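Working notes, structure below.
The values are calculated or read from the model by the stated rules, or taken from the named source; none is laboratory data. Computed from a prediction, not measured in an experiment: that's the story for all the values here. Backbone-built Cβ (ideal geometry, glycine too); neighbour counts: all protein chains shown. Only protein heavy atoms, including side chains, enter the accessible area calculation; ligands, DNA and RNA are left aside. Shrake-Rupley method; radii C 1.70, N 1.55, O 1.52, S 1.80 Å.
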Amino acid sequence: MKKDLTISGVSVRELAREYSTPLYVYDEGMMASRMDEFTSNFRSDKFNTHVAYASKAFLCKAMARLVNKKGLCIDVVSGGELYTVLSAGFPAEKIYFHGNNKAPYELEYALKSGVGTIVADNMDEIRDIAAMAEGLDTVANVMLRMNPGISAHTHEYIMTSAPDSKFGMALCDIAEIAEAIKEAEKTGHFKFKGIHSHIGSQIFAKDAYIAQIQTMSNFIHDLESEYSLPVKEISLGGGFAAYYTQKDEPIPVDEVCRTIIAECEKQKDAFALSFDTLSIEPGRSIAGEAGYTVYTVGYGKVSAGKKYVFVDGGMGDNIRPALYGAEYRCDVISEDDNGEASVCTVAGKCCESGDVIINAAEIPNAKKGDLILVYTTGAYGYSMSSNYNRLPRPAVVFVNGAESRVVVKRETWEDVASHDVTE
Ligand SMILES: *Cc1c(COP(=O)(O)O)cnc(C)c1O
């Protein structure tokens, strides 16, 4: 039993008292040092390197400002993310705009804002971007998202011969792709910059990245040698794992960076590839472990031998367990000695049986008023949150050293109903 715990030296009990629960808390210093770790290790003498934070993992204006301060680039996948980072003062030229189905108004917004790189997902989009850039009398810098036919998740990765992912273009369509690029470049408003691929998320296998680099190097070599299309930038996406439970063994950041750099240097020499910039796009590995959720315990019950403890949030603030069985660990914070640990289910307050945060947590008895601190909720928690059951979204607090501050205000019932038309 823990009487209290700290995040960056700040008492969780104090945070709960000051900002109320449920509450998202981020250790800003930890995110900053993760970013530094990426930028200092992802370097080569043979080419430039970019680290772009994949903002869909966790985004608010304070986060965009932190990413900018640390000198990283940023990825966005929608007009809303683009709006958020631009209004936080993020330099447009350091933004990569991804997405498999960007709307015309999103592409127009990106082009008018001077977004540095648009990552086109299909051949129709290549044509649309060229036409739109011509109409706006600007130049679009475009990378192409390829599907390398490798899908990686946790320790396993599979090479699929018939790629059926909704993302990216098939490697075998190289001739049509080269044709589409050349047509687009004829407008004088389309600049082909490079090739992008992304193989998945929560990846523990270094070999998956090696396989990706080898596959993409082959493809890029073909594009350069057979179709005379120089590929100046290569992006390998993200997917670097975070530590959620003791089952997880993420590859240390320095190690995964070194592995990728070494393999890319090798392939650059072997194929005489012309790229001068290599990019990666970590999301989860920057925001995940730095984020925590603090809940207050309400009721509990035992249903047919299954022990439940209910918290004041749930699938509205963390859909991942319900969505795809994501696992978390937690601690109970209590004034009292609540006895030995036993297995119980930490569930939320939503009207849905799947509204569970942790299925089999081994924790001491938690009673009404105790706090539960859930670890590693920083990625895809707040960013996937909803108002299901009209629950207001929790506040987001950044802790840095001994200081804490609200970076996203807690929603109110009025906020939740604020877009309803009254008459
Ligand atoms: C989601 C995504 C990322 C980040 O993935 P993480 O698993 O959070 O590192 C990077 N690049 C692209 C294109 C993505 O879609």
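Filter the stretch 161-205 for residues that are under 20 Å from residue 231 (Cβ atoms) and assigned to a strand (DSSP E or B) and give the result. The answer is 169, 170, 190, 191, 192, 193, 194, 195, 196. For the stretch 219-227, the condition holds for no residue, the condition being that it is outside any helix (DSSP H, G or I), open to solvent by 40 Å² or more (accessible area, probe 1.4 Å), more than 14 Å from the ligand (Cβ to nearest atom) and among the charged types (D, E, K, R). For the stretch 183-193, the criterion of being at pLDDT below 95 and basic (Lys, Arg) is satisfied by no residue at all. A count restricted to the stretch 375-423 and to residues that are among the basic types (Lys, Arg) and either at positive phi or assigned to a helix (DSSP H, G or I) (or both) stands at 1. Scanning the stretch 274-298 for residues that are crowded, with 24+ Cβ neighbours inside 10 Å and among the small types (Gly, Ala, Ser) yields a total of 6. Scanning the stretch 35-49 for residues that are in a helix (DSSP H, G or I) and either over 25 Å from residue 194 (Cβ atoms) or aromatic (Phe, Trp, Tyr) (or both) gives 36, 38.
Scanning the stretch 339-359 for residues that are part of a strand (DSSP E or B), at pLDDT below 95 and under 28 Å from residue 8 (Cα atoms) yields a count of 1.
Against the test of being over 21 Å from residue 50 (Cα atoms) and in contact (Cβ under 8 Å) with a residue 60 or more places away in the chain, the options 166, 182, 186, 193 yield a single qualifying residue, 166. Take the residues of the stretch 5-29 that are open to solvent by 60 Å² or more (accessible area, probe 1.4 Å) and not small (Gly, Ala, Ser): which is farthest from residue 393 (Cα to Cα)? Across the stretch 5-29, the extreme among qualifying residues is 6.
Results for (1) of a type in the set (Lys, Arg); (2) away from the ligand (no atom under 12 Å from the Cβ), shown as yes or no for each residue.
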residue: 40; (1), (2): no, yes
residue: 54; (1), (2): no, no
residue: 57; (1), (2): no, no
residue: 62; (1), (2): no, yes
residue: 67; (1), (2): no, yes
residue: 70; (1), (2): yes, yes
residue: 75; (1), (2): no, no
residue: 79; (1), (2): no, yes
residue: 85; (1), (2): no, yes
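The one condition from (1) away from the ligand (no atom under 13 Å from the Cβ); (2) touching a helix residue (DSSP H, G or I) at 6+ places or on another chain (Cβ under 6 Å); (3) outside any loop (DSSP other than H, G, I, E, B) that residue 90 does not meet is (3). Mind listing just one residue for me: the one in the stretch 112-157 that is among the β-branched types (Val, Ile, Thr) and over 22 Å from the mean Cα position of the chain (by Cα) and, of those, surrounded by the most Cβ atoms within 10 Å (Cβ to Cβ)? Here the residue is 126.
Among all residue pairs at least 6 apart or on different chains, which show Cβ distances below 6 Å where the first residue, located in the stretch 210-238, is at positive phi and modelled with pLDDT of 95 or more and the second is within 16 Å of the ligand (Cβ to nearest atom) and not in a loop (DSSP other than H, G, I, E, B)? Taking only residues 6 or more apart or on different chains, not a single pair turns up. Please work out if residue 410 is free of Cβ contacts under 8 Å to residues at least 24 places away in the same chain and under 25 Å from residue 30 (Cβ atoms). No.
Only one entry in 104, 91 is more than 23 Å from residue 60 (Cβ to Cβ), free of Cβ contacts under 8 Å to residues at least 60 places away in the same chain, surrounded by fewer than 21 Cβ atoms within 10 Å (Cβ to Cβ) and out of contact with any Cys (no Cβ under 6 Å at 6 or more places or on another chain), namely 104.
If you go through the stretch 303-314 and keep only what is modelled with pLDDT of 95 or more and open to solvent by 30 Å² or more (accessible area, probe 1.4 Å), you end up with 307, 308, 310, 312.
Could you please let me know if residue 71 is within 28 Å of residue 31 (Cβ to Cβ), open to solvent by 10 Å² or more (accessible area, probe 1.4 Å) and either in a loop (DSSP other than H, G, I, E, B) or among the acidic types (Asp, Glu) (or both)? Against the criterion (within 28 Å of residue 31 (Cβ to Cβ), open to solvent by 10 Å² or more (accessible area, probe 1.4 Å) and either in a loop (DSSP other than H, G, I, E, B) or among the acidic types (Asp, Glu) (or both)), residue 71 qualifies. Restricting the stretch 278-311 to residues that are within 16 Å of the ligand (Cβ to nearest atom) and in a strand (DSSP E or B), the residue that is nearest to residue 230 (Cα to Cα) is 278. Do we find a residue being among the basic types (Lys, Arg), away from the ligand (no atom under 16 Å from the Cβ) and either at pLDDT 95 or above or touching a Ser or Thr at 6+ places or on another chain (Cβ under 6 Å) (or both) anywhere in the stretch 142-153? No.
Can residue 241 be described as touching a residue at least 24 places away in the same chain (Cβ under 8 Å), under 20 Å from residue 148 (Cα atoms), within 16 Å of the ligand (Cβ to nearest atom) and buried (at least 19 other Cβ atoms within 10 Å of the Cβ)? It is true that residue 241 is touching a residue at least 24 places away in the same chain (Cβ under 8 Å), under 20 Å from residue 148 (Cα atoms), within 16 Å of the ligand (Cβ to nearest atom) and buried (at least 19 other Cβ atoms within 10 Å of the Cβ).
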